[in-house]
Amino acid sequence: MLPVGRFNQFITQNNLFMPHSNILVAVSGGMDSVLLTHLLKAAGYNFGIAHCNFGLRGDESLADQQFCNKLAQQFNVSFHTINFATREYAADNKLSIQMAARELRYVWFEQIRQQHGYHAIALGHHQNDTIETILLNLTRGTGIAGLHGILPLNGVLARPLLFLSRDEIAEIVKLEEIDYVEDSSNASTKYARNKLRHEVIPKLKLLNPNLENTFEKNLRHFRELEQLLELTVTELKLNLFDYQDDGVHLPLEKVRKLQPLHLLLFRLLQEYGFSEAVTDDLITALDKHPGRVFESRGHRLVLDREQLVIVKKENKDIEPVNITMEDKRLYFGDYALTILHDDSPLIIRDNPLAVAIDAQLLIYPLTMRSWQQSDFFYPLGKRTRKKLSDFFINEKVAVHKKAQIPLLINGNGDIMWIAGYRPDERYKVSNNTKKVAIFELFKIA
């Protein structure tokens, strides 16, 4: 007898879908997905069948496709099918055959779901699939998320058979005399999952005949631990993350007190794309290397003297801007620059984004650009030159902000002004100045 009661109970407990939901069932033709269709039919759900022909097993693949079509006709439900050139797709995208097939089918399932108004996509995974997934994750390396196995519900992907083991499914199919097709590749140990299924798990079951039940209990604990970790990380973000215009700031004093440091810091940084390896390097550098920069695909993390700063990577560096004598207004990064020529020997005070320079000393074209490692200047009031890198350290300029500071460069290469900080002593307005050039920046973004 079909376990319809347990089936419905599992669906309800995990909120997989509602009794009136329209469900797209992924059916390969194997016993798992075929039993799923029989259970959905017996439980009175509305559903359609989707089948992918990956073209990997010749006539056998075609026979599977025809079987699934007949199954849809038997239940009088919609049948959706597609033929994929899987090998070509794998080669073009540098993927394994398995990963290519996975990518192709899930994209297509979602397309069919949206086009035909299905509420959920039902998949035939069972308890043993979860065991295999956990063991694969452990052998390849995983965080705590890799231990929760296959979730009953992940977005629109529902797995209503996770309450059954493979042996239970085989017994039900045999007793109910349910027809299905056997994928010959399932017997091969060529793939890692099949090797676990046929060689490793049988040996584990010799040690523990109730392996599936034990894993089910472990899974519950792992999922609860993951939920606890997520709650902890959410609370830490409220306490640690200071969202500012230039990025996210984390005070080092609080970061150092995290326990366990590696786990919590990794989870805090993970959403910005930073790996565990980067987290390890960062922890090593915390008390030794201020100024270190760590990168993920989309973000940059700066280890400053008193804080960590996470900034989004810009699509491109700020391009230098040339300035001619005729220019009155132009743009540099997030700034607008205005230039005014005046016959008065004016000195700008109390506006760090404006400077008056002796116009007789200007060599056009001038340039506005970001800093470079070898830059130096003569700070106003000083007769000795200073490297900009040292000046920024003294001014406590955060590493990630250095590239955003506009520098006004004379035609001979001299730095005349570090905008927002200091003019150069050599270009200041003096008693001998006859004419000044006034440069003023305005933030526009």
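The values are calculated or read from the model by the stated rules, or taken from the named source; none is laboratory data. Being a predicted model, the structure only gives us computed values, none of them experimental. Counting neighbours? That spans all protein chains shown, and the Cβs are built from the backbone with ideal geometry, glycine included.
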Residue check, Ala101 surrounded by 13 or more Cβ atoms within 10 Å (Cβ to Cβ), assigned by TED's automatic domain parsing to the domain that holds Val27 and farther than 26 Å from Phe7 by Cβ: yes
Residue hits (the stretch 368-410; small (Gly, Ala, Ser) and out of contact with any Ser or Thr (no Cβ under 8 Å at 6 or more places or on another chain)) are Ser370, Ser374, Gly381, Ser389, Ala398
For the stretch 263-309 the number of residues that are under 14 Å from Leu236 (Cβ atoms) and of a type outside the set (A, V, I, L, M) is 4
Which residue out of Ala336, Ala356 is in a strand (DSSP E or B), over 13 Å from Met416 (Cβ atoms) and at pLDDT below 95? Ala336
Leu16 over 20 Å from Arg105 (Cα atoms) and in contact with a Leu (Cβ under 6 Å, 6 or more places away or on another chain): yes
Scanning the stretch 253-310 residue by residue, those without any contact (Cβ under 8 Å) to a residue 24 or more places away in the chain, assigned to a loop (DSSP other than H, G, I, E, B), farther than 24 Å from Glu395 by Cα and touching a Leu at 6+ places or on another chain (Cβ under 7 Å) turn out to be Leu258
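Per-residue answers, yes or no, for (1) in contact with a strand residue (DSSP E or B) (Cβ under 9 Å, 6 or more places away or on another chain); (2) of a type outside the set (Asp, Glu):
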| residue | (1), (2) |
| --- | --- |
| Asp59 | no, no |
| Ala63 | no, yes |
| Ala72 | yes, yes |
| Phe75 | yes, yes |
| Ser78 | yes, yes |
| Ile82 | yes, yes |
| Tyr89 | no, yes |
| Asp92 | no, no |
Within the stretch 115-138, restricting to residues that are free of Cβ contacts under 8 Å to residues at least 12 places away in the same chain and under 20 Å from His198 (Cα atoms), the one that is farthest from the chain's Cα centre (by Cα) is Leu138
Residue match in the stretch 98-114 (condition: more than 28 Å from the chain's Cα centre (by Cα) and at negative phi): no
Does the stretch 225-239 contain at least one residue that is more than 23 Å from the chain's Cα centre (by Cα) and hydroxyl-bearing (Ser, Thr, Tyr)? no
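Residue-by-condition table, conditions (1) within 18 Å of His119 (Cβ to Cβ); (2) in the same structural domain as Glu110 (by TED's automatic domain parsing); (3) assigned to a loop (DSSP other than H, G, I, E, B):
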site	(1), (2), (3)
Gln9	no, yes, no
Thr12	yes, yes, no
Asn15	yes, yes, yes
His20	yes, yes, yes
Leu24	yes, yes, no
Leu35	no, yes, no
Lys41	yes, yes, no
His51	no, yes, no
Gly55	no, yes, yes
Is there a residue being more than 27 Å from Arg300 (Cα to Cα) and crowded, with 19+ Cβ neighbours inside 10 Å anywhere in the stretch 335-355? yes
Is it fair to say Arg385 is surrounded by 19 or more Cβ atoms within 10 Å (Cβ to Cβ) and of a type in the set (Lys, Arg)? no
